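Below is one structure, written out as structure tokens; comments come after it.
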Amino acid sequence: LRWPNGEEAAKVRKAIVALDRALPGVLASEIPLPKPAETVRQGAQWHYHLSVVYQGRSLRSEALSHAEVAVDLQSNWPLALNHLAGLLSEDTPRKALVRLEESLALAPTQTRVRVQKIDLLFRLKQDAAAEQALRDLAADAPEYHFRLAVLEEARAQRDSAQKALESYFTLYTGE
């Protein structure tokens, strides 16, 4: 069995069940079979990696197909959810937003994913939600006060933009 979800997987599983029925207990003591959860995780990883390869080769539909399988196999894996959201964001931003929300529910401190969510909210014309998400992000990551200042400046809100810039220069210690 090369891959848990390969073409030959169903035949191998049937053969293992038949062998276990014919010789009960022998398989468990003689052959270390992978645990089902481990097999599912490996399958999700395999499909995720295939998706990344297809994406790198600009084969979007194949990448999307394998990313969806990876998420179906392991829906609690933020990396797979984020990858799928990235693939979906171009054509179906609402579906991408749903996947990003699922990922953030599992791991709420993902700054890059929070930024993707803000960008999608702005693209979907959900400006109030995007602005609130940006303010929340700036509270946790001070470098985003600068982006908040740019937003306020674009709205001609000079006082708010200046306060955001002051917060940026006061709180941000990065390079």
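Solvent-accessible area per residue in the range 35-145 equals 54 Å², computed with a 1.4 angstrom probe and all protein chains kept. With a simple spin-label model that places each label point 7 Å from the Cα along the Cα-to-Cβ direction, the separation between Ser61 and Glu166 comes to 5.6 nm. 3J(HN,Hα) couplings calculated from phi for the range 42-48 with the Karplus curve 6.51 cos²θ - 1.76 cosθ + 1.60 (θ = phi - 60°) are, in sequence order, 5, x, 4, 5, 4, 5, 4 Hz; Gly and Pro show x. Sorting 43-55, 154-166, 119-131 by their mean Cβ neighbour count within 10 Å, with the most densely packed peptide first, gives 43-55, 119-131, 154-166.
Taking 1 over the mean of 1/r across every pair of different Cα atoms in the range 74-135, what Kirkwood radius in Å do you get? Value: 11.3 Å, from the Cα pair sum. Rolling a 1.4 Å probe over the protein heavy atoms of the range 61-107, with every protein chain left in place, gives an accessible area that is 50 percent carbon and sulfur. Ordering of 73-85, 92-104 by packing is 73-85, 92-104, highest average first (other Cβ atoms within 10 Å, averaged per residue). Rounded to 0.05, the FRET efficiency of the Ala18 and Leu79 pair, given R0 = 41 Å and the Cβ-Cβ distance, is 0.65. Setting aside same-chain residues fewer than 8 positions from Lys125, which lysines have a Cα under 16 Å from its Cα? Straight-distance partners of Lys125: Lys95, Lys117.
The values are calculated or read from the model by the stated rules, or taken from the named source; none is laboratory data. Remember, it's a predicted structure, so these values are computed and weren't measured experimentally. Note that each Cβ is placed from the backbone with ideal geometry, even for glycine, and that neighbours are counted across all protein chains shown. For the accessible areas, the whole protein counts, side chains as well, though only heavy atoms, and no ligand, DNA or RNA atoms are used. Shrake-Rupley method; radii C 1.70, N 1.55, O 1.52, S 1.80 Å.
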